[in-house]
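What follows is a short report on a single structure.
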Amino acid sequence: MTSTTDATGQILLILTYTLGEQDRETFERIAGAHAAAADTYPGCIRFDLGRDVLHPGRYQLVEQWQNTADLEAHGESEAFHRTMAALKQCPTLQVKRDRYEIA
């Protein structure tokens, strides 16, 4: 896994979310709305959210960004902060985050 602050290379994030049964519907609603708006995020190349059919309660989000600056701008955006605040409704949420630079 490579982490970089270079604003020139593309960035790939793979986030794995695990939730208890009581939080899945809420997570799908909140994360789904955020993913559906991805085409409005500057520099966003890919933003795919999927549910693991073999492991109930596990979801994966794959994000690809033009560069680190675009990813950081997204992380500072109102939409991102609104989504993170809304996800506090899911107390069983656990996140594993992997970040890669695409050469």
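Among the GluC sites (Glu not before Pro) in segment 53-89, which ones are in a DSSP loop with at most 13 other Cβ atoms within 10 Å of the Cβ? Mind listing them?
Values: sites: E63, E72, E76, E78; in loops: E76.
Taking segment 53-89 and a limit of 13 other Cβ atoms within 10 Å, the loop GluC sites (Glu not before Pro) found are E76.
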(request) Compare the Cα positions of L87, A33, G20 along the charge dipole of the chain (+1 at Cβ of Lys, Arg; -1 at Cβ of Asp, Glu; about the Cα centre) and return the one farthest towards the positive end. (result) G20
(message) If each DSSP helix of 4+ residues adds -39,500 (n - 2.57) and the sum is divided by the residues in the chain, what number results at 222 nm, nearest 500 deg cm²/dmol?
(response) -8500 deg cm²/dmol
(message) What distance in nm lies between label points placed 7 Å from Cα along the C-beta direction at E28 and H55?
(response) 1.8 nm
(message) Could you work out how much longer the chain between A103 and A38 gets when fully extended? Use 0.36 nm per residue separation minus the Cα distance between them, nm to one decimal.
(response) 21.1 nm
(message) Using the Karplus curve 6.51 cos²θ - 1.76 cosθ + 1.60 with θ = phi - 60°, what ³J(HN,Hα) values do you get for each residue of segment 47-58, in whole Hz, with x for Gly and Pro?
(response) 8, 10, 10, x, 9, 7, 6, 8, 10, x, x, 10
(message) Averaged across orientations, what area in nm² does the convex hull of the alpha carbons in the chain project?
(response) 6.4 nm²
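We did not get these values from a lab; they are worked out from the coordinates using the rules stated. This is a predicted model, so every value here is computed, not measured. Counting neighbours? That spans all protein chains shown, and the Cβs are built from the backbone with ideal geometry, glycine included.
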